[in-house]
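Peer 1: Questions regarding the structure given below will be posed in turn.
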Amino acid sequence: DAGITQSPRHKVTETGTPVTLRCHQTENHRYMYWYRQDPGHGLRLIHYSYGVKDTDKGEVSDGYSVSRSKTEDFLLTLESATSSQTSVYFCAISAGTQETQYFGPGTRLLVL
Amino acid sequence: AQKVTQAQTEISVVEKEDVTLDCVYETRDTTYYLFWYKQPPSGELVFLIRRNSFDEQNEISGRYSWNFQKSTSSFNFTITASQVVDSAVYFCALSEAGAQKLVFGQGTRLTINP
């Protein structure tokens, strides 16, 4: 199994509060990704990183920011959580752009 | 634009039956990669297979087999002699060469009844 952990695994928060999700890897992979999973949509890319301090937007990036100050950590921040951001968030890693992405266990977020 | 369609939302079969999960994709690239992932009830995403667009050979791994046909833009997944442990949501995904993201289908929920 790929060494990927996500924290927290579950979180309940209120609308308007900031939330930060953490993804940690032990594989030293260059690429890291944040996806969200919603019924009827499969998984959709929020942001990705191709190296320390190198990040870019995915298809559903509005309302989210990311940071990567170390190879092993990729943070996803909801600056002001909204109910539409209630979802399951998955982190993924890959060794290269054409390589297989391996996923973390997911974080279930509920915004009330 | 990339798109993946899994038309079967839910499938329910009795144990030991064979079952095929359909995946149809759209892409303008000649170089791309196709994937299948399994999401069991516990929620994690498990990688099953990766295929590149230049390799149309079918693949078999135990009870699992995959049929890749570029002529019909399909990458179907067959489970032979299904077992209760195969119950899961299965996702097909596409990645174009140089693209940073996987594009997922909506998933097929497979239920194997004892």
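Peer 1: Farthest toward the dipole's positive end in the protein assembly as shown, which of B:4, A:20, B:58, given Cβ charges of +1 (Lys, Arg) and -1 (Asp, Glu) about the Cα centre?
Peer 2: About the Cα centre, the residue reaching furthest to the positive side is A:20.
Peer 1: When the distances between all Cα atoms of the protein assembly as shown are binned every 5 Å from zero, what whole-number percent does each bin get?
Peer 2: The distribution over the protein assembly as shown is 1, 7, 14, 18, 18, 16, 12, 8, 4, 1, 0, given as percents.
Peer 1: Compare A:61, A:80, A:94 in a GNM of chain A, Cα atoms joined below 10 Å, and give the one with the largest fluctuation.
Peer 2: Judging by the Gaussian network model, the answer is A:80.
Peer 1: Would you work out the charge dipole size for segment B:2-99 about its Cα centre, treating the Cβ of every Lys and Arg as +1 and the Cβ of every Asp and Glu as -1, and quote it to the nearest 20 debye?
Peer 2: So the dipole magnitude of segment B:2-99 works out to roughly 160 debye.
Peer 1: If the elastic network links every pair of Cα atoms under 10 Å, which of A:97, A:71, A:20 fluctuates the most in the Gaussian network model of chain A?
Peer 2: Evaluated over chain A, the most mobile residue of the options is A:97.
Peer 1: Which distance in Å, rounded to a whole number, links the C-alpha centroids of segment B:19-33 and segment B:39-53?
Peer 2: 15 Å
Peer 1: Take peptide A:89-96, look around each residue's Cβ out to 10 angstrom, count Cβ atoms belonging to other protein chains, and average those counts.
Peer 2: Numbers: counts 0, 4, 0, 4, 0, 3, 0, 0.
Counting other chains' Cβ atoms within 10 Å and averaging over A:89-96 gives 1.
Peer 1: Contact order normalised by length for segment A:56-112, with contacts defined as Cα pairs under 8 Å and 6 or more residues apart; what percent is it?
Peer 2: Dividing the mean separation by the residue count of segment A:56-112 yields 28 percent.
Peer 1: Cα-Cα over 25 Å: which of A:53/B:38; B:38/B:101; A:11/B:3; A:53/B:101; B:3/B:70? Walk me through the numbers before you get to the answer.
Peer 2: Numbers: A:53/B:38 31 Å; B:38/B:101 18 Å; A:11/B:3 32 Å; A:53/B:101 18 Å; B:3/B:70 15 Å.
With Cα atoms farther than 25 Å apart: A:53/B:38; A:11/B:3.
Peer 1: Among DSSP bridges having both ends in chain B, what percentage is antiparallel? Round to the nearest 5.
Peer 2: Bridges in chain B that DSSP calls antiparallel: roughly 90 percent.
Peer 1: Taking the Cα centre of the protein assembly as shown as the origin and placing charges on Cβ (Lys, Arg +1; Asp, Glu -1), which of A:97, A:32, B:79 is farthest toward the positive end of the dipole?
Peer 2: Among A:97, A:32, B:79, the one farthest towards the positive end of the dipole of the protein assembly as shown is A:32.
Peer 1: Hey, another quick one. Determine the shielding of peptide B:103-113 by partner chains: average, over its residues, the number of Cβ atoms on other chains within 10 angstrom of each Cβ. Write out the running numbers ahead of the final one.
Peer 2: Working: counts 5, 7, 2, 5, 6, 0, 0, 0, 0, 0, 0.
Whole-number average of other-chain Cβ neighbours for B:103-113 is 2.
Peer 1: Probe radius 1.4 Å, ligands and nucleic acids left out: can you give me the accessible area buried at the B-A interface, summed over both chains, in Å² to the nearest hundred?
Peer 2: By this definition, chains B and A bury close to 1700 Å².
Peer 1: Using the reciprocal of the averaged 1/r over all distinct C-alpha pairs, how large is the Kirkwood radius of chain A in Å?
Peer 2: When all Cα pairs of chain A are included, the Kirkwood radius is 13.8 Å.
Peer 1: Given 20 °C and 1.002 mPa s, compute D for chain B with the Stokes-Einstein relation, Rh being the Kirkwood radius over Cα pairs; round to the nearest whole µm²/s.
Peer 2: Working: Rh = 14.2 Å.
My calculation gives 150 µm²/s for D.
Peer 1: For chain B, modelled as a Gaussian network with Cα springs under 10 Å, which listed residue fluctuates most, B:19, B:103, B:46?
Peer 2: B:46
Peer 1: Now for a different question. What is the distance, in nm, between label points placed 7 Å from the Cα along the Cα-to-Cβ direction at residue A:17 and at residue B:7?
Peer 2: A separation of 4.6 nm, rounded to one decimal place.
Peer 1: If one computes the Cα centroid of segment B:62-114 and of segment A:54-90, what distance in Å separates the two points?
Peer 2: Cα centres, segment B:62-114 to segment A:54-90: 27 Å.
Peer 1: May I pose another question? Just how large is the dipole of segment A:6-112 about the Cα centre, in debye to the nearest 20, putting +1 at every Lys and Arg Cβ and -1 at every Asp and Glu Cβ?
Peer 2: In total the dipole reaches around 200 debye.
Peer 1: Here is a further query. Provide the FRET efficiency to the nearest 0.05 for the residue B:78-residue A:9 pair, computing r from the beta carbons and using R0 = 41 Å. Walk me through the intermediate numbers first.
Peer 2: Details: r = 34 Å, r/R0 = 0.82.
Step by step, r from the Cβ atoms, then E = 0.75.
Peer 1: Looking at the protein assembly as shown only, what percent of DSSP beta bridges run antiparallel? Nearest 5 please. Present the calculation step by step, with values, prior to reporting the outcome.
Peer 2: Details: 73 of 82 bridges.
Approximately 90 percent, going by the DSSP bridge assignments.
Peer 1: Counting pairs of alpha carbon atoms under 8 Å apart in space and at least six apart in sequence, what relative contact order in percent does segment B:1-59 give?
Peer 2: It rounds to 28 percent for segment B:1-59.
The values are calculated or read from the model by the stated rules, or taken from the named source; none is laboratory data. For clarity, every value in this text was computed on a predicted model and none was experimentally measured. Counting neighbours? That spans all protein chains shown, and the Cβs are built from the backbone with ideal geometry, glycine included. Heavy atoms of the whole protein, side chains included, go into the accessibility calculation; ligands, DNA and RNA do not. Shrake-Rupley method; radii C 1.70, N 1.55, O 1.52, S 1.80 Å.
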